[in-house]
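Here the structure is laid out as C-alpha cells; the discussion comes afterwards.
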C-alpha cells in the first residue's frame, strides 16, 4: 500500500510537470486530531526533494510526542522538512481558545 501511495505522488507530480504545471506543496500529518494517523514522511520527503516541493508536516496533535523516545520513529525524516506545525494545547486536551 505504501509503495502504491508513494508512486501515486510521484506520478501526479510528473504528470503535472508534463502538463506545464508546477507542483509546489505537499501536506502530510503526524498525528491527526481525528484519529492520530501518521504519514510516512521519511518516504515522502525524498520525492518532494526530487521535485523541489515544499513538504509541510502537520503535527498539531502528536507533535509533542516527539519528546518521548518510543514515539520518535513516527518523526523520522522530519529534519529535512520545510514546515512543521505543533499545537501543545491539542495534546493536553484543551481545545478552547484563550
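Where a number appears in this text, it was derived from the coordinates with a stated rule and is not lab data. Treat the numbers as computed from the prediction; the structure is a model and nothing was measured. Cβ sites come from the backbone with ideal geometry, for glycine too, and all protein chains shown count toward neighbours.
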Check: Hey, could you pull the Cα Rg and Dmax for segment 1-64, both in Å?
Finding: 12.7, 40
Check: Which order do peptides 15-24, 28-37 fall in by mean Cβ count within 10 Å, highest first?
Finding: 28-37, 15-24
